[in-house]
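This report refers to the structure that appears directly beneath it.
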Amino acid sequence: MSLDVDIRHGQGDFTLHAAFRSEGRLTALFGPSGSGKTTLVNAIGGLIRPSEGRIEVNGRVLVDTRRGIFVPKHRRRIGYVFQEGRLFPHLSVRQNLLFGRWFTPRDQRKASFDAVVDLLGIGHLLTRRPATLSGGEKQRVAIGRALLADPQLLLMDEPLASLDEARKAEIYPYLERLRDEGGVPIVLVSHSVAEIARLATSIVVLSEGRVRASGPAAEILMHGNLLPQPDRGEAGALVETRVAGHDEVYDLTYLEAKGGILTVPRLPLPMGAHLRLRLRARDIILSLHAPEGLSALNALPAIVVAIDEPDGAGVDVALDCAGDALVARLTRKSVETLGLAPGLPVHAIIKSIAFDQEALARMPPADEL
Amino acid sequence: MIDWLSPEEWTAVGLSLKVALTAMAASVLPGIAVALILERGRFWGRQVLDVLVHLPLVLPPVVVGYFLLLGFGRRGPIGALLDEQFGIVFSFRWTGAALACAIMGFPLLVRAIRLSIEAVDRKLEDAAGTLGAHPVFVFFAVTLPLILPGILAGMVLSFAKAMGEFGATITFVSNIPGETQTLPSAIYTFTQVPGGEAGALRLTLVSIAVSVAALLASEWMARRVRRRLAA
C-alpha cells in the first residue's frame, strides 16, 4: 500500500500544508489538537475538498486540483471510523454492519461478515440497536462497518478518544489484530504517544498544519526533538521482546531483547509471546561501569552511537544495544562529565517502572490464552 | 348510530374527510421537497420561496381563497390552462376545496419537516457516503427514516388544518352541499338558519372527535418511531 499526500487547505485563519508519503501498515498522524490531523484525514476521505494539491492511494489519484480531479467520497472506497462512531440509530447492529455491502460489487467483496464479526468480538450484539451499546462496543461496530465495505484504506480519527482507559484497553487488542491480520492499511489519527507507540508502524508528526517529520515509528519516537514540546519527555525506543520465562517466587517475567534479558513484574502472557516495549529516554540512565548496589533490575551493555543536538539543558544519546536501538535523555553536563562520545561502551540502566504501562496492560485475545 | 346524524350531515363529514385526506396526501411529497430546498438549498431566491410558502399562514384565508379564484377559476390563467389541456377543474368542485386546504396547511407541513431536517446529524450522512452510498441512496436510507417523525407530525397538522379550513375554501369553491360543503361550512350554514343549533352542535362534536383522534394517532406513531430510534 502507498499513500501520497501533498495538499494545501485553508480554513479561516488556519492553513494546512501537508506533504508526506507512507507505506506502513498503520500510519499514525500524530500531533496536538489544532495541528490539522482531522482536516488531513477528512481530505483523504473526501469529506472536504482541499484548496490545492494531490492525493494518491495505491497509485489511484483521488484528488488532483491541477487536473481538476476530485473523486467523491462514495467512490473512494476509503473506510472512515469516526471519533463518535456515527452508527445509524434507526438500524440494528447487523444492518449497520451490512450498510456498505450494498455498494460493493460482488466480485470485490473480500471481507467475510463472520470473520469481521469474529475479529471484533461483536457477534452477541448483532440484533441490538446502537443506542443500547457501550462506547467501546459502538466503536467496534463502527470499525466492522467500515471494514465490511471492503475499503482500500481505513481512516480512523481518534477512535478511542471518547473512551475511558478501561474501554481503550478493551479495544487495543482488536486494533492490533486488525493491523496484523486485517489486510487493510490503516491511517490512525492520535494525539497520544502511548497509543502510537503501541500501534503505529509509521508516523507522520504534524504541528500547526505542517509536517514536522515522517518515517518508521521506531525511528521517529527515538527523537524527542521531533515530537511536539509537551510530548518530548515521552520519546523513547520501541523494543521487540519475547517472553522468555516467569519467576514464580518473585512474581516476575523475563523478556528477551536482542541486548539481553529484561525483568518486569509478572505478565499474564504465555512463554514465547511477543511484546513491544517502549523504553522512554528519560527513564534510561547511563553508567561507564557495570552497575553494582543498584535497586534497578535492568542494565544492558550498550555502545554510544550518536549524541543529538542539545535541547536546552538536555540532550538525547542514541545507543546500540546488540542491535536494539535505545535512546537516553541526559543533561549536557552529564554527557561532558562522563566524556560520552560515539563508540564508547556504556551500561544502560532501565528502571523497572520505565516499562510502558499501557503495553503491559495488554491482554492477548482470548483464543491465544 | 347512523341516525345520530342526518344524511346531509353525514355527507358533510364524509366530504370533509375526503378533502382533508386528499389535501394531506397531495402535499406530503411537495412538502418534503420544499422543506429540503429551504433547509439545505443555497440558491438565489430561497428567501422569496420561504416567504411564499409561509404567506398562507399570515394572510387572511379569504385573501388566499380569492387568489385561488383568480388563478385557478375557470377563467383564471392556470385554471383555464388545466381545463383545456387536461380537463382538470378546481372551481366549485371538491378538488378545489382540497387545493385550498392543501395550500393553507402547507406552511405547517413544511415547518414541521424542516425542523426535523435541521435536527438530522449531517455527520451520519457523511458516514454513509464513506461507506459507498450515493447521495440519493443516503437520503432514502438515512435522512428519510430520521425525519419520519417530523413528516408524520407535519401530516397530522396538515390534516387537522384541512378539517378546519373555512375562509379560503368558501371563497374559492363556495358552499355547495354534497360537493364543497365541508364540516366548517356546514356548521356555518346551520348557525345561519333558525333552529340549526342542534345540527351545529352535533357537527362540532364530530369535528372535535376527528381532531382528537388525529392527534392521538400521530402521538402513537411518533412514539413508535422514537422507540425504534432509541432502543
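The values are calculated or read from the model by the stated rules, or taken from the named source; none is laboratory data. A quick note: this is a predicted structure, and the numbers were derived from the prediction, not measured. Positions of Cβ are generated from backbone atoms using ideal geometry, with glycine treated the same way; all protein chains shown enter the neighbour counts.
Tabulated data
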item	result
Residues located in region A:196-221, provided they are out of contact with any Leu (no Cβ under 7 Å at 6 or more places or on another chain) and either modelled with pLDDT under 90 or of a type outside the set (A, V, I, L, M) (or both)	A:I196, A:R198, A:S202, A:S207, A:E208, A:R210, A:S214, A:G215, A:P216, A:E219
Residues (loosely packed, with under 14 Cβ neighbours inside 10 Å and closer than 10 Å to A:L147 by Cα) located in region A:95-109	none
Criterion: at positive phi and either within 11 Å of chain A (Cβ to nearest Cβ) or crowded, with 22+ Cβ neighbours inside 10 Å (or both) - qualifying residue of B:G132, B:G150	B:G132
Every pair of residues 6+ apart whose Cβ atoms lie under 6 Å, when the first sits in region B:122-136 and is under 11 Å from A:L47 (Cβ atoms) while the second is buried (at least 23 other Cβ atoms within 10 Å of the Cβ) and among the aromatic types (F, W, Y)	B:T130/A:Y80
Criterion violated by A:G236 - all others in (1) over 13 Å from A:R278 (Cα atoms); (2) within 16 Å of the chain's Cα centre (by Cα); (3) crowded, with 21+ Cβ neighbours inside 10 Å satisfied	(1)
Selection from region A:172-190 of residues that are surrounded by fewer than 21 Cβ atoms within 10 Å (Cβ to Cβ) and within 14 Å of the chain's Cα centre (by Cα)	A:Y172, A:P173, A:Y174, A:E176, A:R177, A:R179, A:D180
Neighbours by Cβ (under 9 Å, 6+ apart or cross-chain): first from region B:175-191, farther than 11 Å from B:S16 by Cβ; second assigned to a loop (DSSP other than H, G, I, E, B) and of a type in the set (S, T, N, Q)	B:N175/B:Q181; B:N175/B:T182; B:Y188/B:N175; B:T189/B:N175; B:T189/B:Q181
The one condition in (1) more than 28 Å from A:V57 (Cα to Cα); (2) buried (at least 22 other Cβ atoms within 10 Å of the Cβ); (3) under 21 Å from the mean Cα position of the chain (by Cα) that A:L163 fails to fulfil	(2)
Filter result for B:R223 (in contact with an Asp or Glu (Cβ under 8 Å, 6 or more places away or on another chain), among the basic types (K, R) and away from chain A (no Cβ under 14 Å))	no
Test: residue in region B:100-122 that is within 14 Å of chain A (Cβ to nearest Cβ), of a type outside the set (D, E) and not in a helix (DSSP H, G or I)	yes
Those residues of region B:198-225 which are basic (K, R) and either free of Cβ contacts under 8 Å to residues at least 12 places away in the same chain or surrounded by fewer than 17 Cβ atoms within 10 Å (Cβ to Cβ) (or both), in sequence order	B:R223, B:R224
Qualifying residue in region A:98-108 (condition: more than 14 Å from chain B (Cβ to nearest Cβ) and either assigned to a helix (DSSP H, G or I) or touching a Cys at 6+ places or on another chain (Cβ under 8 Å) (or both))	yes
All positions within region A:69-97 that are assigned to a helix (DSSP H, G or I), touching a Gly at 6+ places or on another chain (Cβ under 9 Å) and more than 10 Å from chain B (Cβ to nearest Cβ)	A:V93, A:L97
Filter pass, A:I122 being modelled with pLDDT under 95, assigned by TED's automatic domain parsing to the domain that holds A:A217 and buried (at least 20 other Cβ atoms within 10 Å of the Cβ)	yes
Selected residue (criterion: modelled with the lowest pLDDT) from residues of region A:32-49 that are more than 14 Å from chain B (Cβ to nearest Cβ) and on the phi > 0 side of the Ramachandran plot	A:G34
